[in-house]
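Undergrad: Supplied in structure tokens, the structure appears directly below.
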Amino acid sequence: MRWTTTRFDIDLSEPQVMGIVNVTPDSFSDGGRHAGTAAALAHAEALLAQGAHILDIGGESTRPGSPAVPLDEELARVLPVVREAVKLGVPVSVDTYKPEVMRAVLDLGADIVNDIWALRRGDALAVVAAHPRAGVCLMHMHRDPQTMQVAPMDGDVLPAVRAFLRERAQALQALGVARERVVFDPGVGFGKTVAQNFSLLARQRELLDDGFALLAGWSRKSSLGAVTGIETPAARVHASVTAAVLAVDRGAHVVRVHDVRETVEALKVWRAAR
């Protein structure tokens, strides 16, 4: 299986580690330590040195209850970083749901749009479809970042998650977007309870039945804190790495992580054991 993106055909026969570059002052996981172009680029280069295969750049926090960032502010945060990151020789993903940001970063050469809204905002579908090779990650989210944990989903969430992702992929394919450009993300923590998140992990292989590659984003999530008792997100390294390895063992092709070095080393052990 391969992930077709703007500049790269990513080989998914081995798990890919996507390193997170938050260009935000209010990230839940790193407290804005990498806000600003210079700091973000230095962090990106450090993640590559640690073994990251893909960089994921985001200019708006999507933690539960987080406020929306104005378009101009997100563009000012993200564009200078993307402009330089595309020179680093690896696929560059941009975490955004705003069509205007998607258009701008794809015009700069970004490879992947990573959208928590699964291209449901404005003309996002058309923007991605208009770039003939751009990769896209479609994520499932219940409600929105402001309310998703106020009233999370009920019962067995896997059928609803799977049906939603299938519908969004079909909407893209109707516009001529090839299956190889699309990756699914079940949206751990986005409107699901702790039990539902772990149920998605336990049954993750069922999400592969439609033939799309899968991305898992467990890194430093509150569900890990709930089962370990670790309240500080940055201290959830061991739990995050464990969840990443379990996700890969259950078929995930890409893991989106903060702790790249630790994840890469753990996956080497996993690979050796196979």
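The values are calculated or read from the model by the stated rules, or taken from the named source; none is laboratory data. No experiment lies behind these values; they were computed from the predicted model shown. For neighbour counting, all protein chains shown are included, and Cβ atoms are generated from backbone atoms with ideal geometry for every residue, glycine included. Note: accessible area is taken over every heavy atom of the protein model, side chains too, but ligands, DNA and RNA are not part of it. Shrake-Rupley method; radii C 1.70, N 1.55, O 1.52, S 1.80 Å.
Undergrad: Could you tell me which residue of the range 123-170 is farthest from residue 210 (Cα to Cα), considering only residues that are in contact with a Phe, Trp or Tyr (Cβ under 9 Å, 6 or more places away or on another chain) and small (Gly, Ala, Ser)?
TA: Residue satisfying both the conditions and the ranking: 124.
Undergrad: Yes or no: residue 53 out of contact with any helix residue (DSSP H, G or I) (no Cβ under 6 Å at 6 or more places or on another chain) and open to solvent by 40 Å² or more (accessible area, probe 1.4 Å)?
TA: Yes: the conditions hold for residue 53.
Undergrad: Give the number of residues within the range 219-247 that are hydrophobic (A, V, I, L, M, F, W, C) and in contact with a strand residue (DSSP E or B) (Cβ under 6 Å, 6 or more places away or on another chain).
TA: Residues meeting the conditions: 2.
Undergrad: Now for a different question. Filter the range 1-21 down to the residues that are part of a loop (DSSP other than H, G, I, E, B) and open to solvent by less than 30 Å² (accessible area, probe 1.4 Å), then identify the one that is farthest from residue 220 (Cα to Cα).
TA: 5
Undergrad: Given the residues 272, 226, 195, which is the only one that is free of Cβ contacts under 8 Å to residues at least 12 places away in the same chain, open to solvent by 50 Å² or more (accessible area, probe 1.4 Å), closer than 24 Å to residue 149 by Cα and outside any loop (DSSP other than H, G, I, E, B)?
TA: 195
Undergrad: Are any residues in the range 229-240 closer than 17 Å to residue 64 by Cβ and either open to solvent by 50 Å² or more (accessible area, probe 1.4 Å) or part of a loop (DSSP other than H, G, I, E, B) (or both), and if so, which ones? Let's see the steps before the verdict.
TA: Step one: list which residues in the range 229-240 are closer than 17 Å to residue 64 by Cβ, which gives 231-233, 236.
Across the range 229-240, the qualifying residues are 231, 232, 236.
Undergrad: So how many residues does the range 1-56 have that are at positive phi and modelled with pLDDT of 95 or more?
TA: 1
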